[in-house]
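Taking it in order: structure first as structure tokens, then the write-up.
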């Protein structure tokens with residue numbers, strides 16, 4: 001069980017912000033943290049990781065107390081079994097990519113996991129290079145790989161895939177899901193990308209005015225009724241094969257391809 005009840009006052013974007021955040025969920029769940037910039041989402045992740053001290057409260061992970069202000073317990077960040085992907089990646093500039101990834105491995109003999117993550121993240125050709133020579137997207141892939149190979153009890157992701165191209169973003173979303181299923185870690189991630197929230201999360205925590213205003217499945221929170229759309233764009237071309245129909249459609253000045261089963265269109 002993941003449990004926290006935290007109070008913290010801090011300054012964000014020149015404004016004083018007070019947060020009172022309380023939640024719990026079962027081990028192995030993926031929770032999305034959604035809300036406007038400056039409301040304290042990243043601060044919550046940093047408090048859970050032990051990088052920011054709350055003013056008061058409790059953090060308990062799988063019956064292990066990481067923080068309890070009343071009992072003066074505050075486990076140091078390097079003693080918490082947590083993986084954290086920062087927005088600025090925080091790679092070690094004096095280590096090559098392979099050493100950066102291996103730094104996060106608790107079991108130094110776990111070569112199979114390291115090789116799998118390197119392959120999934122498509123980092124094989126970059127292992128001897130230094131972080132400064134990589135693009136932002138490449139650095140983000142390295143940082144995500146380093147966080148995953150730790151096999152943490154709690155994995156914290158602060159907009160983890162924002163700098164990636166769509167193909168790599170989808171690939172790493174699938175790897176995050178596969179990793180979570182194998183290791184049964186709990187994941188709390190910040191994202192402003194609704195497709196990502198829908199794909200990855202079991203539940204969503206909506207953060208507003210210093211607290212959680214809503215909690216539930218993405219479909220329950222973001223889908224506000226149903227509606228019929230008469231026209232979504234201009235059909236430019238239709239191509240039929242034995243098993244499907246392909247349509248080229250102009251939507252908002254862009255041409256997209258839509259594939260439908262052959263029995264969809266008569």
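The values are calculated or read from the model by the stated rules, or taken from the named source; none is laboratory data. These figures come from a predicted structure and were not determined experimentally. Here the Cβ positions follow ideal geometry from the backbone for every residue, glycine too, while neighbour counts run over all protein chains shown.
Within segment 7-59, how many residues are under 27 Å from residue 176 (Cα atoms), touching a helix residue (DSSP H, G or I) at 6+ places or on another chain (Cβ under 7 Å) and in a strand (DSSP E or B)? Residues that pass the stated criteria total 6. Quick one: is residue 97 touching a helix residue (DSSP H, G or I) at 6+ places or on another chain (Cβ under 9 Å) and on the phi < 0 side of the Ramachandran plot? It is true that residue 97 is touching a helix residue (DSSP H, G or I) at 6+ places or on another chain (Cβ under 9 Å) and on the phi < 0 side of the Ramachandran plot. Residue selection: residue 139 satisfies the criterion of being part of a helix (DSSP H, G or I) and out of contact with any strand residue (DSSP E or B) (no Cβ under 8 Å at 6 or more places or on another chain). Selection of segment 28-57 for residues being within 19 Å of residue 79 (Cβ to Cβ) and surrounded by 14 or more Cβ atoms within 10 Å (Cβ to Cβ) yields 45, 46, 47, 48, 49, 50, 51, 52, 54, 57. Consider segment 199-220 and keep the residues that are in contact (Cβ under 8 Å) with a residue 40 or more places away in the chain and assigned to a helix (DSSP H, G or I). The one that is surrounded by the most Cβ atoms within 10 Å (Cβ to Cβ) is 200. With respect to being surrounded by 12 or more Cβ atoms within 10 Å (Cβ to Cβ), part of a strand (DSSP E or B) and assigned by TED's automatic domain parsing to the domain that holds residue 188, residue 91 falls outside the description. Residues in segment 149-188 that are farther than 21 Å from residue 37 by Cα, assigned to a loop (DSSP other than H, G, I, E, B) and touching a strand residue (DSSP E or B) at 6+ places or on another chain (Cβ under 9 Å): 149, 150, 151, 152, 153, 185. Being in contact with a strand residue (DSSP E or B) (Cβ under 7 Å, 6 or more places away or on another chain) and modelled with pLDDT of 80 or more is the filter here, so list the residues in segment 82-106 that pass it. Within segment 82-106, 82, 83, 84, 85 qualify.
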